[in-house]
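The values are calculated or read from the model by the stated rules, or taken from the named source; none is laboratory data. Keep in mind the model is a prediction, meaning the values are calculated, not measured. Positions of Cβ are backbone-derived with ideal geometry, glycine not excepted, and every protein chain shown enters the neighbour counts.
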Amino acid sequence: MGLLPLIAVALSSCTKPPSAAPEANIYARLESIPSADPAKFASVHDFKSWRNPYLVVRKDGVSLLDVAHNEQQLLKLEELPQGLARLSPSAWPYGSVVAVAEDKPSAAGDDAIIRKNRGIVAGTLESLHIQINWVPSS
């Protein structure tokens, strides 16, 4: 066996396999949120008083409003789990439920993109076991 194959074997044994820990940590954080408690939010009819995370489905992604900190982040659809996991536990007083609204289309064809994104957001939230409280668009 030549020197080059030995070096390749030695180098490959030193590298770590990709870790699933960051992704597992995201799901562990989200799973630690208590189940949604409808008794805590059933009487909320004015979503200006909503205290859990609030999402707006847009044509260019999803906007995450952290009500507790009065912050808004525009996320790519695939970044939604990470964005929700970054929120502090105090951002979830109603348990694992988010309010979701759709952005108004601003150009022809936007409504189809927003509907498609709505389906992706709904599927993502369902897979995360986060209840959706659909809010009519204003």
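If the condition is being surrounded by fewer than 16 Cβ atoms within 10 Å (Cβ to Cβ), over 11 Å from Leu30 (Cα atoms) and not polar (S, T, N, Q), then region 80-92 contributes no residue at all.
Check region 108-115 and report whether any residue there is small (Gly, Ala, Ser), at positive phi and at pLDDT 95 or above. No, region 108-115 contains no residue that is small (Gly, Ala, Ser), at positive phi and at pLDDT 95 or above.
All conditions but one from (1) under 16 Å from Thr124 (Cβ atoms); (2) modelled with pLDDT under 80; (3) not hydroxyl-bearing (Ser, Thr, Tyr) apply to Pro53; the one that does not is (2). For Lys59, are the conditions met, namely being surrounded by fewer than 16 Cβ atoms within 10 Å (Cβ to Cβ) and either under 16 Å from Ala122 (Cα atoms) or of a type in the set (Lys, Arg) (or both)? Here the answer is no, as Lys59 does not meet what is asked. Select from region 41-70 the residues that are under 20 Å from Glu23 (Cβ atoms), among the hydrophobic types (A, V, I, L, M, F, W, C) and touching a residue at least 24 places away in the same chain (Cβ under 8 Å) and list them in ascending order. Passing the criteria: only Val62. Here Asp66, Asp60, Asp37 are screened, and the one residue that is of a type outside the set (A, V, I, L, M) and either more than 18 Å from Gln131 (Cα to Cα) or in contact with a Cys (Cβ under 7 Å, 6 or more places away or on another chain) (or both) is Asp60.
Of the residues contained in region 71-86, one or more are found to be in contact with a Lys or Arg (Cβ under 6 Å, 6 or more places away or on another chain), in contact (Cβ under 8 Å) with a residue 60 or more places away in the chain and either farther than 20 Å from Ser137 by Cβ or not small (Gly, Ala, Ser) (or both).
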